[in-house]
Amino acid sequence: MADAETTAKTKKKADRTGFEPHIIGFLCNWCTYAGADLAGTSRIGYPTNIKAVRVPCSGRVDAMYVINALKNGADGVLVSGCHPGDCHYNQGNYYARRRFMILREIFSAMGINPERLQMSWCSAAEGAKWAQIVAQVTEKIRELGPFEGI
Amino acid sequence: MARIGVFVCWCGSNIAGTVDVKKVAEEVSKLPYVVYSTDYKYMCSDPGQNMIKEAIKEHRLTGVVVSACSPRMHEVTFRRTVQEEGVNPYMMEMANIREHCSWVHDDMEEATEKAIELVRMAVAKAVELEPMEKIEVPVTKRALVIGGGIAGIQAALDIADGGVEVILVEKSPSIGGKMSQLDETFPTLDCSQCILTPKMVDAAQHPNIKIYSYAELEELDGFIGNFQARIRQKARSVDMELCNGCGDCWNKCPQKKIPSEFEAGMSDRAAIYVPFPQAIPNTPVIDRENCIYFQSGKCGVCAKICPTGAISYDQSDEFITEEVGAVVVATGYDLFNTDVIGEYGYGEIPDVISGLQFERLSSASGPTEGKIVRPSDGKKPEEVAFICCVGSRDDKYGRPYCSRICCMYTAKHAILLHHKSHGSQAYVFYIDVRAGGKGYEEFLRRATEEEGAIYMRGRVSRLYRDNGKVVVKGADTLSGAQIELHCDMVVLANGITASPGAEELARKLSISYDEYGFYSEAHPKLRPVETNTAGIYLAGCCQAPKDIPDSVSQASAAASKVLALFSGDFLTREPNIAEVNPFTCTGCFTCREVCPYDAIDEEEVTVHIDGKKVTRTIARVNLGKCQGCGICCAVCRSNAINLKGTKDLQIFRQIKAFTGSEKEKSDEPVGSKK
Ligand SMILES: Cc1cc2nc3c(=O)[nH]c(=O)nc-3n(C[C@H](O)[C@H](O)[C@H](O)COP(=O)(O)OP(=O)(O)OC[C@H]3O[C@@H](n4cnc5c(N)ncnc54)[C@H](O)[C@@H]3O)c2cc1C
Ligand code: SF4
Ligand code: SF4
Ligand code: FES
């Protein structure tokens, strides 16, 4: 963890070379969004690539949002919610998990790298984990390179 | 046309130290629909809020974007600000440039760039915001309490004292719960019956409390403020009105060999019985499974003998519907079934008993009138071993959790043994002793220092019979020595498990429970008595193992929540709920299948197609039940259901704004708002 943290903190834009991915994150209000707030309160640094959209629950995230994001120039999408069993609305994240597993398969079939769509579970208490997720997802999408379109 | 004002906060140096706030304000002023933008040191301060109000007036703003801390921090504040200036509170959107930006990045250029993007997204959403009104639902000011143990009784009394009618539903023939079976209680050793029975009487006599005993909840419909509870009153086979509680029936009933639940199987009861003499109500029930008349049609002794003709064999279960506005669940706990631990021989070795059986042995109202004797031969036990953590903190039995009360009741048992059985020696096998409550550590010290209990750290591996004794085999983990102790009696401190049927009840109530069957509170720290279903509260051991003081505290807390809920005639709720478009809904009801709150109702609509009248059934969102998760919206195939405050269009705008495809004012206007 400490590694991801320090690299993120010290890696200034100027030092970076090449491609910086645009990533949109759909964060459930009760867990991940709050976890990201906690990363802030605890001043745990991470890369700037992911911009968050607050949604009530990961189950709210329509497959169309993901497709729309990629279509409009995002290089990757992250959907993040409460841990399985902890969804504020009991089972929203189970629906999300199933939905996006299928969407990833559809992506594969369409020749889109399914890794463009990332999922994670992060609780309101896991500020450090959020920072780690951002670092990892950013790295992953950076590896994939710019998204060339659907 | 939307007219948006953007207010960028410095938060002292919290934001301004990393984000070039001036630049943010300047950049976003170029966005479509933004007619005003500015920055200020502390937006949430009085002058900051006044700035927003002034700008609303001066620039006729229709929407406001506050770019500052997390909405989880100040959304309510700024909604109020705009409302005070006559703008609908839901026309305010926040961009989180502190927690999600300035606090986690340190390169000014990058952070500023990200802040601009975040504000741009917020503006895009703000353009699509719609005014919303809080939802008002009328409240039925009556409460349902499920479970009549100490927690349920306390909650019922507190609510009733607040002037509200309470329906108390208890599954067993009498209220009282486990506490009625206890002898003296830690840490003060006051007699359980003496403090509980007056409360039971108070509940029975309270003009605001109606008790259904020997009854269960069949179904709960409705939503906060407006529940309909269908209650099954099981057939008692005795007319409550006629019975005077004389007891002739249970004295004369020939079927007397049924292990008494109240006495934890330490003595027998008849087929017609009241569980214990102080039972409330004091009307017997016929246990039909064990009644000779019900099993073979013969007997009928109780009907012949009853002086008031109260016996009614042909009674059947009745169903009653009660309207209530709130529910308190207080269904308590059960004890870990020690039969599954073969090594301890519980049920086979008569002198291996459970903690609850020890309570009955020690109780003056119990089968031995308070004389502590061995079940096998009625003799005084000289040496008694107490084993802690039986079925608690043990992955082997799927119960890693601590049952919280067993350490203390074991210490109490050791003290009671010393008091009531002079010269007997208590040995306590423990793993760790947990004595975290008020007066608990002192109580424990009293057991060891004043009352002579010998504590040994270690788990007992086996219990077996030898020459009339029970041999306790185990290891003392402190000294490393193997232990073999020949005792006269062994008491197992069995752990606490969820009450039987807890999961089934949870499903009827749409509340969640943890992997062990205990009900989940809405927040482990800040909302400990609420569930995730609005209007349903928790009290006592149904939520987690706890002692009497904690059960009572939680019950009073739940009662105060109920009374607060009932303090107005209407409930106001946030308006962010789902909404069906009646023109596009096809009536497939996929939404109903996924809704966790059963919030999709049916609605009949008549439409004209080709001049013909057609009646269709479509979905309608129940304003009281919908919690605004939006799960339905993501599954609707016809895009007919949308979540207010997080509409598809609002999200799509954010997505577009994020990727910067509409940066400059020269772009096509993004909003469809006039
Ligand atoms: C051996 C032993 C000794 C103890 N000694 C002490 C002590 O000395 N001091 C102390 O503070 N604590 C002690 N306790 C703990 C104490 O028993 C509990 O804290 C207390 O009883 C919890 O009260 P409750 O109302 O939550 O649950 P319960 O007492 O279990 O009451 C729950 C009630 O709900 C009813 N019910 C269950 N399901 C339903 C349903 N579906 N519908 C309707 N009704 C239902 C049950 O029949 C019961 O009447 C002891 C526990 C044990 C096992
Ligand atoms: S709102 Fe959508 S999912 Fe629900 S019934 Fe109508 S069409 Fe079906
Ligand atoms: S938003 Fe959630 S609670 Fe409301 S109707 Fe849809 S699925 Fe049910
Ligand atoms: S509320 Fe977080 S995933 Fe459902």
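The values are calculated or read from the model by the stated rules, or taken from the named source; none is laboratory data. Small disclaimer: the values here were computed from a predicted structure and weren't measured. Cβ placement follows ideal geometry from the backbone for every residue including glycine, while neighbour counts extend to all protein chains displayed. Note: areas computed on protein heavy atoms with side chains; ligands, DNA, RNA excluded. Shrake-Rupley method; radii C 1.70, N 1.55, O 1.52, S 1.80 Å.
Scanning segment A:83-96 for residues that are more than 8 Å from every other protein chain (Cβ to nearest Cβ), surrounded by 24 or more Cβ atoms within 10 Å (Cβ to Cβ) and part of a loop (DSSP other than H, G, I, E, B) yields one hit, A:Cys87.
Out of curiosity, is B:Val621 more than 14 Å from chain A (Cβ to nearest Cβ), of a type outside the set (Phe, Trp, Tyr), open to solvent by less than 50 Å² (accessible area, probe 1.4 Å) and free of Cβ contacts under 8 Å to residues at least 40 places away in the same chain? No, not satisfied. Output the residues belonging to segment B:604-636 that are within 16 Å of ligand 4 (Cβ to nearest atom) and of a type in the set (S, T, N, Q). Passing the criteria: only B:Gln627. Is there a residue being open to solvent by 10 Å² or more (accessible area, probe 1.4 Å), within 14 Å of chain A (Cβ to nearest Cβ) and either within 30 Å of B:Gly176 (Cα to Cα) or charged (D, E, K, R) (or both) anywhere in segment B:128-151? Among the residues of segment B:128-151, not one is open to solvent by 10 Å² or more (accessible area, probe 1.4 Å), within 14 Å of chain A (Cβ to nearest Cβ) and either within 30 Å of B:Gly176 (Cα to Cα) or charged (D, E, K, R) (or both), which makes the answer no. Scoring B:Arg72 on the criteria (1) surrounded by fewer than 21 Cβ atoms within 10 Å (Cβ to Cβ); (2) among the charged types (D, E, K, R); (3) under 43 Å from the mean Cα position of the chain (by Cα); (4) modelled with pLDDT of 95 or more leaves a single failure, condition (4).
In the set (1) under 22 Å from B:Gly474 (Cα atoms); (2) surrounded by fewer than 24 Cβ atoms within 10 Å (Cβ to Cβ), B:Ala414 fails one condition alone, (2).
Looking for something among the small types (Gly, Ala, Ser), outside any strand (DSSP E or B), without any contact (Cβ under 8 Å) to a residue 60 or more places away in the chain and out of contact with any strand residue (DSSP E or B) (no Cβ under 8 Å at 6 or more places or on another chain) - is there at least one such residue anywhere in segment B:427-435? Yes, segment B:427-435 has at least one match. When segment B:35-87 is filtered for residues that are assigned to a loop (DSSP other than H, G, I, E, B) and farther than 27 Å from A:Cys28 by Cα, the ones remaining, listed by number, are B:Lys41, B:Tyr42, B:Ser45, B:Arg60, B:Leu61, B:Thr62, B:Glu85, B:Gly86, B:Val87. Among the residues making up segment A:78-116, those that are among the aliphatic types (A, V, I, L, M) and away from ligand 4 (no atom under 16 Å from the Cβ) are A:Ile102, A:Leu103, A:Ile106, A:Ala109, A:Met110, A:Ile112. Examine segment B:200-216 for a residue that is of a type in the set (Asp, Glu), away from ligand 1 (no atom under 11 Å from the Cβ) and in the same structural domain as B:Gly568 (by TED's automatic domain parsing), and state whether such a residue exists. Yes: segment B:200-216 contains one or more residues that are of a type in the set (Asp, Glu), away from ligand 1 (no atom under 11 Å from the Cβ) and in the same structural domain as B:Gly568 (by TED's automatic domain parsing).
Within segment B:545-567, the set of residues being closer than 21 Å to B:His523 by Cα and either within 16 Å of ligand 3 (Cβ to nearest atom) or open to solvent by less than 30 Å² (accessible area, probe 1.4 Å) (or both) comprises B:Pro545, B:Lys546, B:Asp547, B:Ser551, B:Gln554, B:Ala555, B:Ala558, B:Ala559, B:Val562, B:Leu565.
Condition check: among the acidic types (Asp, Glu), more than 14 Å from every other protein chain (Cβ to nearest Cβ) and more than 16 Å from ligand 1 (Cβ to nearest atom). Does B:Asp598 satisfy that? So B:Asp598 does not fit the description; no.
Only one of the listed residues (B:Glu93, B:Glu99, B:Glu75) is assigned by TED's automatic domain parsing to the domain that holds B:Ala126, touching a Cys at 6+ places or on another chain (Cβ under 9 Å) and of a type in the set (D, E, K, R). That residue is B:Glu99. Buried (at least 17 other Cβ atoms within 10 Å of the Cβ), touching a residue at least 40 places away in the same chain (Cβ under 8 Å) and within 17 Å of B:Ala126 (Cα to Cα): does that describe B:Gly48? For B:Gly48, the condition - buried (at least 17 other Cβ atoms within 10 Å of the Cβ), touching a residue at least 40 places away in the same chain (Cβ under 8 Å) and within 17 Å of B:Ala126 (Cα to Cα) - is not met. When segment B:568-593 is filtered for residues that are within 12 Å of ligand 3 (Cβ to nearest atom), away from chain A (no Cβ under 14 Å) and either touching a Phe, Trp or Tyr at 6+ places or on another chain (Cβ under 6 Å) or part of a loop (DSSP other than H, G, I, E, B) (or both), only B:Phe589 remains. Filtering A:Trp121, A:Trp30 for residues that are within 11 Å of another protein chain (Cβ to nearest Cβ) and aromatic (Phe, Trp, Tyr) leaves a single hit, A:Trp30.
Taken together, the criteria place B:Asp314 among residues that are over 19 Å from B:Cys487 (Cα atoms), of a type in the set (D, E, K, R) and open to solvent by 20 Å² or more (accessible area, probe 1.4 Å). The single condition from (1) more than 14 Å from chain A (Cβ to nearest Cβ); (2) buried (at least 16 other Cβ atoms within 10 Å of the Cβ); (3) of a type in the set (Lys, Arg) that B:Lys57 fails is (2). Only one of these is in a helix (DSSP H, G or I), more than 16 Å from ligand 3 (Cβ to nearest atom), over 14 Å from the mean Cα position of the chain (by Cα) and surrounded by fewer than 16 Cβ atoms within 10 Å (Cβ to Cβ): A:Ile67, A:Ile106. Name it. Criteria check complete, one pass: A:Ile106.
Scan segment B:517-527 and tell me whether some residue there is assigned to a helix (DSSP H, G or I) and either of a type outside the set (Lys, Arg) or open to solvent by 30 Å² or more (accessible area, probe 1.4 Å) (or both).
The initial filter retains those residues of segment B:517-527 that are assigned to a helix (DSSP H, G or I), namely none.
No - not one qualifying residue is present in segment B:517-527.
Set side by side, the residues B:His105, B:His100 differ, and just one is closer than 30 Å to A:Ile44 by Cα, assigned to a loop (DSSP other than H, G, I, E, B), modelled with pLDDT of 95 or more and not basic (Lys, Arg), which is B:His105.
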